[in-house]
Amino acid sequence: MIIPLQGTQMLQMLEKSLRKYLPESLKVYGTVYHMNHGNPFNLKALVDKWPDFNTVVVRPQEQDMADDLDYYTNTYQIYSKDPQNCQEFLDSPEVINWKQHLQIQSSQSRLNEAIQNLANVQSFQINHSENLLFMSSESIKKLCPSLLDAKNLSPNSDKPKAQAINQDMFKLSSLDVTHAALVNDFWLFGGNEKSQRFIERCIKKFPSSCVLGPEGTPASWTLMDQTGEIRMGGTMPEYRKQGLVSFVVYSQEQTMKKRGFPVYSHTDKSNIAMQRMSFSLHHLLMPCAWNQWKCVPV
């Protein structure tokens, strides 16, 4: 059974329900939060039953997925209360278009078995990325305070402070769509025409932060995607080790807090510098991971 959730009331009920399952539902929760605040990416939510759903999939509308090779646009966020028994729902072409290049994002590593099984059924190759997931201590206090009682999840009593920067040299600003090519060049998952188009769309639709260098171009930056995650941060090589990325992430966090967005991000397991920065801003490591499955039909 496939039920599209239509109307404000159903989506607000979904957001409230997903909040009970944080942090494992974080990727979907953040996306549904955006859908309830304008839905700037024109997404839709599907569940297997309602209101007591087992699995929810958030995806673009069919008309927005015209390019079969654009897995940046063809992105699905998934949360399931029953990862061992969600395969039949995910196998439906009305839920996921398995004939396209696509990606699946989730805060649930437990979905891997079902997705790998579907790879065998549907004949596609998978590239699975699993990274560390962080959420700001203030978002945790607001959304899932019980996490703070768990071992090793105790925030510092002092307020986080971004490293001071040379304000004579650098100016806080936001990204312009003309900066998308620069962001694309430095993004680990980017570097191509389709990723640049996706970045342009994010810059147009969502708040971003950067510091402009003496040349008037971004020296360091970060932005957010349709799931509400802080992503795609980077710093020009000549301006590294000056605390700029810490400054722009902190600035982005303040902007998001004013709008009520959950503040979260992911970091590669080998990127110790970004992990330290996250801890310095009181972003706490979650007990679940950030997952992305890039799926390509064979």
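The values are calculated or read from the model by the stated rules, or taken from the named source; none is laboratory data. Owing to the predicted nature of the structure, the values given are computational and were not obtained by experimental measurement. Neighbour counts run over all protein chains shown; Cβ positions are idealised from the backbone, glycine included. Surface areas here come from the heavy atoms of the whole protein model, side chains and all, with no ligands, DNA or RNA. Shrake-Rupley method; radii C 1.70, N 1.55, O 1.52, S 1.80 Å.
Eigenvalues of the alpha-carbon gyration tensor of the stretch 85-149, scaled by 5 and square-rooted, set the equivalent ellipsoid semi-axes at 31, 13, 11 angstrom, largest first. Each Cα pair under 8 Å and six or more residues apart adds its separation to the average, and for the chain the resulting relative contact order is 24 percent. For the chain, the alpha-carbon coordinates run over 59, 45, 36 Å along the three principal axes, in decreasing order. Across the stretch 63-127, Cα pairs under 8 Å and at least six residues apart give a relative contact order of 39 percent. Its alpha carbons give the stretch 203-271 an Rg and a Dmax of 12.2, 34 Å. For the stretch 167-298, the ratio of Cα radius of gyration to the globular rule of thumb 2.2 N^0.38 Å stands at 1.04. Using the structure shown, list the pairs from LYS27/LYS269; LYS81/LYS294; LYS27/LYS258; LYS141/LYS204 with a Cα-Cα distance above 25 Å, or answer none. Beyond 25 Å between Cα atoms: LYS141/LYS204. The slack in the chain from ASP64 to ASN97, taken as 0.36 nm per residue of separation less the alpha-carbon distance, amounts to 10.6 nm. Here the Karplus curve 6.51 cos²θ - 1.76 cosθ + 1.60, taken at θ = phi - 60°, turns the phi angles of the stretch 212-226 into couplings of 8, x, x, 7, x, 10, x, 9, 8, 7, 7, 8, 10, 10, 6 Hz, with x standing for Gly and Pro.
Computed over protein heavy atoms with a 1.4 Å probe, the carbon and sulfur contribution to the accessible area of the stretch 21-115 reaches 44%. The C-alpha atoms of the chain define a longest principal axis, and helix 193-205 lies at about 70 degrees to it.
Under the combined filter of DSSP loop state and at most 11 neighbouring Cβ atoms within 10 Å, the stretch 1-37 retains these trypsin sites (Lys or Arg not before Pro): LYS20.
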